[in-house]
Amino acid sequence: MDFYSLIIENIIIVCGTFSYAVSGSFAAMQKRLDAFGVIIVAFVTAVGGGTLRDLVIGDTPVFWIKEPYYTFVIIVGAMLSMFFWKKVKRFKKTLFLFDTLGLGFFTILGIQKGLSHNLDAGSCILLGTFTGCFGGIVRDILLNNIPIIFRKEIYATACILGGGFYFTLTALNIESSIAELLAISLIVLIRIVAVRKQLMLPRFY
Amino acid sequence: MDFYSLIIENIIIVCGTFSYAVSGSFAAMQKRLDAFGVIIVAFVTAVGGGTLRDLVIGDTPVFWIKEPYYTFVIIVGAMLSMFFWKKVKRFKKTLFLFDTLGLGFFTILGIQKGLSHNLDAGSCILLGTFTGCFGGIVRDILLNNIPIIFRKEIYATACILGGGFYFTLTALNIESSIAELLAISLIVLIRIVAVRKQLMLPRFY
Amino acid sequence: MDFYSLIIENIIIVCGTFSYAVSGSFAAMQKRLDAFGVIIVAFVTAVGGGTLRDLVIGDTPVFWIKEPYYTFVIIVGAMLSMFFWKKVKRFKKTLFLFDTLGLGFFTILGIQKGLSHNLDAGSCILLGTFTGCFGGIVRDILLNNIPIIFRKEIYATACILGGGFYFTLTALNIESSIAELLAISLIVLIRIVAVRKQLMLPRFY
C-alpha cells in the first residue's frame, strides 16, 4: 500500500471509530447514563466488532490493546458528544455519513483480516459483517434494547452484499484496492438508499 | 474412531446444529425480527456454546471459521423456519427431540475438547455444559429476555449430571465410546422426564 | 514475592471471588432464578472480568480453566447465599467491604497481567478496570437490567483513579508492592466515600 492510500485509510478508520463512538454516546445519554457509562458504551460500540473479529480468529492481543490511539479517539468522541450534544444533533446527517463510511470501511477491514488468515470468502464476509455490525449490537444489549439492526434497518445486509461484491470483483481480476473502494461505495450506497426509501427486510410470523 | 461412528457423529452434529438454528429462528420470529435478524439469532443460538468453549480454551480460529458447513446448515435451518413455520410447528415434538439430542451431543463434544486439552474432569464438565447451553442464553439476551434456562427448565443440570456420569463410567474402565453413548442417553432422558413431569430446580428468596 | 505476601494475596483473591459470587447470587435470587441460575450468575459475576481480560490479551486457557479452585469458591459462595440469605443480609456491610476489597485487588491483578504482557500504562489501566467491573456488567445483562455501574455508583472511576495512582507511584520509583497496596487502598477509599456521601458522576441530556 502506498503512502497516499495509507493516509486515506487512517483518516477513514479514525472517522469511523469517532462516529461509532458518537453514536454510542448518544444512545447512552438517551438512557440517562452517567459520564463513565457514556464513555464505556461509546467504547464498546466502536471496538465491539473488531474485538469479536480478533477473538474468533485468535489474533490476540486484540487491536485496541495493541493500538491505544483508538481509545483516545473514542474518549474524545464521547467527551465532545457530552459537552456539545446540542450542536452535534444539528449535524445528524454528517454523523449518519460517518457511521455509514465506518460501516463500509470496517467491513472491508474485517475481510482483509480474514484474507490475511487464509480464510475462504464466506468466512471473510462473515468476519467483515461482524466487524461492521457487532458494536451496535452490544451497544443495544448494554442499554437493554433489542438490537436495532434486527428490526428496522438494512444494515448487515449492506455488509454482506458489499462483501460479496468485493469477492466478485477480485474474482474478475480487478485490482484489490479498486475492488475495496467499489465495495465500500456499494455498502454506503445501499445504506443511504435504504434509509432514504425506508427499505426493510421482509418479516415473518 | 471408525468410519461408522464418524458418520453417526456427523449426523448428530448436523441435526443438533440444525435444531438449535430452528429454535433460534422461532424465538426471533416471535419477537418480529426481520429476515436477517432471524438468521443472526439462529446463528448465535447454534454456535454460541461452541464459540465460548473455543475462546476460553484458546482453540482459535473458532470451529465455525474452520468448518464453514456449520454456517450453511444454520442458514438452511433459518430459511426453512421462515418459509415453513406453520408446518414446522406441527413437528414440535420432533424439534424438541433434535434439540435434546443436540444438547446431549454438544455436551459430550465439549467434554472431548476439554480432554484433548488435558483439562481435569471438573473443567471438562464445565466446558461441556457451556457448549450445550450458552447458545440459548445468548439467544435470550439478544431478544431481551431473561435466559429461560435460569427459570423454567432442567437443562444445564442435565448436562452436569450427564458429564459426571461420563467420568464415572470411564473411571470404571468402561470404553470411551460406550460411556459417551450412555452419557448422551442420560442427558436426553433427564431432559425428557423433566419436561414431561414439569420438574424444576428449587428456588430461593 | 515472598511467602507472606503470597498468602495475603491468595486470601484477598478468595475473599474477592467469594464476595463477587455472593453479590451475583443475591441479584439472581431477587429475580427469582432457580438454584442453577443462581450458581451461573454467581459464576459470571465472579469470573467475568478476568475472563474478558484473559481473552483480549490472548492468555488462554482462561484462569478459571487453569485454576479450578475458583469454581469451588464460587459454588460455596452461591450455596451459602441460598441457604443462609437471611443471615447474610445482616452482614451487608461485611459484604460491601469484601466487594470493595475485591474491586481493588482485581484491578491491580489486571494491571499486573497487562505489565507481564509488556502493555503500556493506558492499556493496563483499561485491563484492570475491566477485570474489576465486567463481571457486574454481565450479571446485570443476564438479569435484564441496565448495568448498575452505568447509572448509580462511582465504581469504574475508582479503578481508573487507582490505576493512575499506581503508575504515578511507580514512576516516582516507589517499590511495586507498596504502590499496589496504596493503589488498592485508594480504590477502596474512593468507593467507600462515594457510597457514604452518595457521590455520583455528572449526567448529560
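Here are a few things to note about the model shown:
- Shown here for the stretch C:100-205: GluC sites (Glu not before Pro) in loop regions (DSSP other than H, G, I, E, B) with at most 15 other Cβ atoms within 10 Å, namely C:Glu175.
- Segment B:Asn118-B:Lys87, length gained on full extension (0.36 nm per residue, minus Cα span): 6.7 nm
- For the stretch A:60-129, a/c is not less than 1.5, where a ≥ b ≥ c are the root eigenvalues of the C-alpha gyration tensor, and a/b does not top b/c. That puts it in the oblate class.
- Helix A:121-142 axis versus longest C-alpha principal axis of chain A: approximately 0°, rounded to the nearest ten.
- Label points for B:Arg32 are taken 7 Å from Cα along Cα→Cβ. From this copy to the others they lie 2.6, 2.6 nm apart, shortest first.
- Mean silhouette area of the stretch A:14-131, derived from the convex hull of its C-alpha atoms and averaged over all directions, reads 7.1 nm².
- Label zone of A:Tyr69 (point 7 Å out along Cα→Cβ, amide N under 20 Å): in the stretch A:23-43 this covers A:43.
- For the protein assembly as shown, diffusion coefficient by Stokes-Einstein and Kirkwood Rh (Cα), 37 °C, 0.692 mPa s, µm²/s: 130
- The B:Leu6 and C:Leu80 beta-carbon pair, evaluated with R₀ = 30 Å, returns a calculated FRET efficiency of approximately 0.05.
- Placing unit charges on the Cβ atoms only, positive for Lys and Arg and negative for Asp and Glu, gives the stretch A:3-147 a dipole magnitude near 740 debye about its Cα centre.
- Nearest 10 degrees, 0 to 90: helix C:69-83 Cα axis against chain C principal axis: 40
- Overall dimensions of the stretch B:95-205 by Cα: Rg and Dmax, Å: 14.1, 45
- Among B:Phe43, B:Val195, B:Leu181 - extreme Cα towards positive end, dipole of the protein assembly as shown, charges at beta-carbon: B:Val195
- Put simply, chain B fits an ellipsoid with semi-axes of 26, 20, 17 Å; these come from the alpha carbon gyration tensor as the roots of five times its eigenvalues, largest first.
- With Cα atoms, 0 to 90° folded angle of helix C:92-116 axis to chain C main axis: 40
- The relative contact order of chain C comes to 23 percent, based on Cα pairs under 8 Å that sit 6 or more residues apart.
- Inter-centroid distance (Cα atoms) of the stretch C:58-76 relative to the stretch A:154-183, Å: 43
- Comparing A:Thr45, A:Thr60, A:Thr157 in a Gaussian network model of chain A where C-alpha atoms under 10 Å apart are linked, the largest mean-square fluctuation is found at A:Thr60.
Any read-out appearing in this document is the output of simple, stated calculations on the displayed coordinates, not a laboratory observation. Keep in mind the model is a prediction, meaning the values are calculated, not measured. Because the Cβ atoms are built from the backbone with ideal geometry, glycine has one as well, and the counts that use them run over all protein chains shown.
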